1. Which residue pairs have Cβ atoms closer than 9 Å, lie 6 or more positions apart in sequence or on different chains, and pair a first residue in segment 63-90 that is without any contact (Cβ under 8 Å) to a residue 60 or more places away in the chain with a second residue that is among the hydrophobic types (A, V, I, L, M, F, W, C) and not in a helix (DSSP H, G or I)?
2. Given the options 37, 18, 11, name the one that is hydrophobic (A, V, I, L, M, F, W, C) and closer than 30 Å to residue 117 by Cβ.
3. For residue 42, indicate whether it is over 22 Å from residue 96 (Cα atoms) and modelled with pLDDT under 95.
4. Taking the condition modelled with pLDDT of 95 or more and over 18 Å from residue 136 (Cα atoms), does residue 10 pass?
5. Can you list the helices (runs of 4 or more DSSP H) lying wholly within segment 7-120 that have 2 or more residues being within 18 Å of the chain's Cα centre (by Cα)?
6. For segment 104-145: of the residues being modelled with pLDDT of 95 or more and more than 24 Å from residue 5 (Cα to Cα), which is surrounded by the fewest Cβ atoms within 10 Å (Cβ to Cβ)?
7. Considering only segment 2-27, state which residues are touching a residue at least 40 places away in the same chain (Cβ under 8 Å) and either touching a strand residue (DSSP E or B) at 6+ places or on another chain (Cβ under 9 Å) or of a type in the set (D, E, K, R) (or both).
8. Could you list, in sequence order, the residues of segment 25-81 that are over 23 Å from residue 6 (Cα atoms) and of a type in the set (A, V, I, L, M, F, W, C)?
Amino acid sequence: MNQQILSELIVRDLDKLVTELKSFKHEENIWKAAPGVTNSAGNLTLHLVGNLNHFIGSMLGNSGYQRNRDAEFASKNVTRATLIESIHATKTVVASTFSSVTDAALNEDFPFEVFGKKSALHYVTLFYGHLSYHLGQVNYLRRILEA
């Protein structure tokens, strides 16, 4: 039950991320940041895709994904279409992972320790909050850059 809810929420917000990227009137603005803001919507997208593929796909689902976190913030001018394709691929990984994870497995320790030993459910909830936080930043950047 928990895995179904988490999967639905993460997939829903990834769909919202696609909507945000499609809502940029000028594709080049995806790679701009507002004054005082460090990251562009493009880099935030790459970061979210990397985070979910690493922690949910690889750590929880054993997908074998190899993360390059530095590239998430260093890459520039990836096309909107490529970003959207990577989001769709991530949705597939998330749904596939959660379809094979049981509630009992979510109560076990997560295979990666950041804040001490915590359940997988704790960390997946944290990753969902991380997604929502950055999704809001993408929305805000789009509205500021295209006001």
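1. Matching pairs, first to second residue: 80/24; 86/78.
2. On inspection, the qualifying residue turns out to be 11.
3. No; evaluated as a whole, the condition is false for this residue.
4. Working: modelled with pLDDT of 95 or more: yes; over 18 Å from residue 136 (Cα atoms): no.
The answer is no for residue 10.
5. Working: elements: 41-52, 69-74, 80-100, 103-106.
Once the helices (runs of 4 or more DSSP H) in segment 7-120 are filtered for at least 2 residues that are within 18 Å of the chain's Cα centre (by Cα), what remains is 41-52, 69-74, 80-100.
6. 143
7. Answer for segment 2-27, where residues must be touching a residue at least 40 places away in the same chain (Cβ under 8 Å) and either touching a strand residue (DSSP E or B) at 6+ places or on another chain (Cβ under 9 Å) or of a type in the set (D, E, K, R) (or both): 13, 15, 16, 20, 22, 25, 27.
8. Within segment 25-81, 30, 31, 33, 34, 37, 41, 71, 73, 74, 78, 81 qualify.
The values are calculated or read from the model by the stated rules, or taken from the named source; none is laboratory data. None of the values given here were measured: they were computed from a predicted structure. Reconstructed Cβ throughout: ideal geometry from the backbone, glycine too, with neighbour counts over all protein chains shown.
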